[in-house]
């Protein structure tokens, strides 16, 4: 009789142990499954936008010298070079450093004369080269804003045909970007907590982060027509730098707990 009781207790203990082991195994399998399960099935994403207002410290623009002539390239090149050198010398004389003056492009291209076809069905004569055109463009950065207007007008008065792509900008936008990014992340975190509270779950680990940035800049265009002479004289414009808004958008992906 005593032996039967011991046998029953042993089987009961074995059954309990088996149940505990099975439960532990199920917990382990569930945890492992959750660890390898794609995060998209149990995650959510939030976005945040941050902004930083900064005052530009650089004015950048390009100016070009365009010269046209006949098929004799020498005089055209010499004329274009002389005008460009004069314009650059003027820019340097107004305090612009060498590092802030950069040749952006130098293009030499033929000018064609096209002939009309004698009559339908006949072979049209090919276009002939009647001369060449040289277009040289220089990028300039001006750091002394009190001289911007005089420099814009002066390069035209000293041989440039056009001034364009004018914009105020921040030479090193890192600080503004960092400030906007910090604000964007804080907003996204707060939104994640609010969503979790409303949905009845907890915010888990951060699974991913992505960023998009937008740095709008005020742009102006200032151009003079023609290829030289008295019509190139221009008065100094008045231009204000204003402020620049740097925007950073972030997306945070969190695990749902």
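The values are calculated or read from the model by the stated rules, or taken from the named source; none is laboratory data. Please read these numbers as outputs of a predicted model, since none were measured by experiment. Heads up, the Cβs are rebuilt from the backbone with ideal geometry, glycines too, and the neighbour counts pull from every protein chain shown.
Which of the residues spanning region 154-171 are within 18 Å of residue 85 (Cα to Cα), in contact with a strand residue (DSSP E or B) (Cβ under 9 Å, 6 or more places away or on another chain) and not in a strand (DSSP E or B)?
Step one: filter region 154-171 for residues within 18 Å of residue 85 (Cα to Cα), giving 154-163.
This time we only want the ones that are in contact with a strand residue (DSSP E or B) (Cβ under 9 Å, 6 or more places away or on another chain), so: 155-156, 159-163.
Within region 154-171, 155, 156, 159, 160, 161 qualify.
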Original post:
Looking at 130, 138, 156, which is the one that is in contact (Cβ under 8 Å) with a residue 12 or more places away in the chain and touching a helix residue (DSSP H, G or I) at 6+ places or on another chain (Cβ under 6 Å)?
Top reply: 156
Subject >> Hey, residue 110 at negative phi, free of Cβ contacts under 8 Å to residues at least 24 places away in the same chain and either in contact with a strand residue (DSSP E or B) (Cβ under 7 Å, 6 or more places away or on another chain) or crowded, with 16+ Cβ neighbours inside 10 Å (or both) or not >> reply: yes
Original post:
Which is in contact (Cβ under 8 Å) with a residue 12 or more places away in the chain and more than 24 Å from residue 244 (Cβ to Cβ), of 68, 104, 167, 78?
Top reply: 68
**OP:** Select the strands (runs of 3 or more DSSP E) contained entirely in region 196-257, then report the ones holding at least 3 residues which are at positive phi and modelled with pLDDT of 85 or more.
**Re:** none
**OP:** Return a yes/no flag: does region 45-61 have any residue that is buried (at least 16 other Cβ atoms within 10 Å of the Cβ) and over 30 Å from residue 249 (Cβ atoms).
**Re:** no
Original post:
Does region 78-106 hold any residues that are in contact with a strand residue (DSSP E or B) (Cβ under 7 Å, 6 or more places away or on another chain) and part of a loop (DSSP other than H, G, I, E, B), and which are they?
Top reply: 96
